[in-house]
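Here's the structure we're looking at; comments come further down.
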């Protein structure tokens with residue numbers, strides 16, 4: 001009986017010790033597992049891909065039941081050009097430009113002054129003819145030769161060769177001589193008796209000199 005009692009006491013003591021050891025081992029194993037499983041930190045690239053609607057591997061994220069929109073080509077708008085053509089741009093520049101050399105500007109001034117002197121001389125001849133004919137201008141400039149003018153002088157404007165050609169305007173609509181200018185670099189004569197500009201003579205050029213077109217001199 002004494003031996004049986006000792007055996008029972010030993011069994012009672014061994015079972016709690018073994019259970020406590022097993023519980024401690026389980027807790028240690030669980031802690032190790034918990035320590036090894038760290039939460040995954042999202043990478044910036046993944047966030048950027050998600051924000052852009054694409055997968056990290058370069059694919060596009062397409063919502064279920066929808067198709068990827070096909071990008072449209074950029075529309076090409078036609079805009080009106082504000083740049084004048086080379087000839088118009090050249091004509092709009094002053095003959096005596098700040099970009100020219102001193103010698104070039106002196107040469108251009110000499111040409112223009114010579115043309116303006118010839119213009120004044122021909123206008124004087126026209127007025128003398130007008131007085132002699134009691135208020136009638138000649139039908140053309142050649143009528144002035146040789147009595148009122150020895151010759152029809154030639155003029156040379158920068159960019160055009162010397163010429164004595166005459167553009168004869170037999171009908172001028174309104175009072176705007178600019179519509180009749182052909183920019184030949186020669187003369188332009190208004191031979192329309194019904195026009196208020198009848199008998200007017202100008203330089204047939206739109207070139208600018210000292211801020212004013214030559215046909216307005």
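The values are calculated or read from the model by the stated rules, or taken from the named source; none is laboratory data. Only a predicted model underlies this, so the values are computations on that prediction, with no experimental measurement involved. Cβ atoms come from the backbone with ideal geometry, glycine included; neighbour counts cover every protein chain shown.
Only one of these conditions is not met by residue 151: (1) in contact with a helix residue (DSSP H, G or I) (Cβ under 9 Å, 6 or more places away or on another chain); (2) part of a loop (DSSP other than H, G, I, E, B); (3) modelled with pLDDT of 95 or more. Which number is it?
(1)
Tell me which residues, restricted to the range 96-128, are farther than 22 Å from residue 204 by Cα and surrounded by 15 or more Cβ atoms within 10 Å (Cβ to Cβ).
100
Filter the range 169-196 down to the residues that are farther than 24 Å from residue 135 by Cβ and in contact (Cβ under 8 Å) with a residue 40 or more places away in the chain and list them by number.
Residue satisfying the conditions is 183 alone.
Here is a yes/no grid of residues against (1) assigned to a loop (DSSP other than H, G, I, E, B); (2) within 38 Å of the chain's Cα centre (by Cα); (3) at pLDDT 95 or above; (4) on the phi > 0 side of the Ramachandran plot:
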position	(1), (2), (3), (4)
117	no, no, yes, no
143	no, no, yes, no
146	yes, no, yes, no
179	no, yes, no, no
215	no, yes, yes, no
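Hey, can you tell me all the residues within the range 203-213 that are part of a loop (DSSP other than H, G, I, E, B) and surrounded by 16 or more Cβ atoms within 10 Å (Cβ to Cβ)?
Going through the range 203-213, the residues part of a loop (DSSP other than H, G, I, E, B) turn out to be 204-207, 210-211.
Scanning the range 203-213 gives 204, 205, 206, 207.
Among (1) in contact with a helix residue (DSSP H, G or I) (Cβ under 6 Å, 6 or more places away or on another chain); (2) in contact (Cβ under 8 Å) with a residue 40 or more places away in the chain, which single condition is residue 166 missing?
(2)
Does the range 190-202 contain any residue that is buried (at least 18 other Cβ atoms within 10 Å of the Cβ), in a loop (DSSP other than H, G, I, E, B), on the phi > 0 side of the Ramachandran plot and out of contact with any helix residue (DSSP H, G or I) (no Cβ under 8 Å at 6 or more places or on another chain)?
no
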